[in-house]
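> I have a structure I would like to understand better, so I am pasting it below and will then ask my questions one at a time.
The values are calculated or read from the model by the stated rules, or taken from the named source; none is laboratory data. Since the structure is predicted, the reported quantities are computational estimates derived from the model, not experimental observations. For neighbour counting, all protein chains shown are included, and Cβ atoms are generated from backbone atoms with ideal geometry for every residue, glycine included.
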Amino acid sequence: MSIVTVNRDEDSGQFTEQYPEKAFLEAVDKLDHATTAQVAEEVGCSYDLAYRRLNSLSEDGELKRIEIGSSFIWQ
């Protein structure tokens, strides 16, 4: 499942993709023991983007980040 909002720049006519915060929150809610890789796959984005967005949501108090070894679980 890929949750993508596509916007078109009025001046250049180029399309840009945006992944809304809601997509990441819904992916975490849906998955048991949501890892960054699982969330990235569920949302349809890169691992790096998923990590940055999840970390930002965690810093904003929207998610909880649990470190297990060298991995993170998001709640």
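> Assess whether LEU25 counts as being surrounded by 13 or more Cβ atoms within 10 Å (Cβ to Cβ) and over 13 Å from TRP74 (Cα atoms).
So LEU25 fails the test.
> In the stretch 17-53, what residues are of a type in the set (A, V, I, L, M, F, W, C) and either free of Cβ contacts under 8 Å to residues at least 12 places away in the same chain or assigned to a helix (DSSP H, G or I) (or both)?
If the condition is that a residue be of a type in the set (A, V, I, L, M, F, W, C) and either free of Cβ contacts under 8 Å to residues at least 12 places away in the same chain or assigned to a helix (DSSP H, G or I) (or both), then ALA23, PHE24, LEU25, ALA27, VAL28, LEU31, ALA37, VAL39, ALA40, VAL43, LEU49, ALA50 are the ones that fit.
> Something else: Tally time: how many residues in the stretch 54-75 are β-branched (Val, Ile, Thr) and either under 17 Å from GLU41 (Cβ atoms) or in contact (Cβ under 8 Å) with a residue 40 or more places away in the chain (or both)?
1
> Same structure, new question: Being of a type outside the set (A, V, I, L, M) and modelled with pLDDT of 95 or more narrows it down to one of GLU21, GLU59, so name that one.
Criteria check complete, one pass: GLU59.
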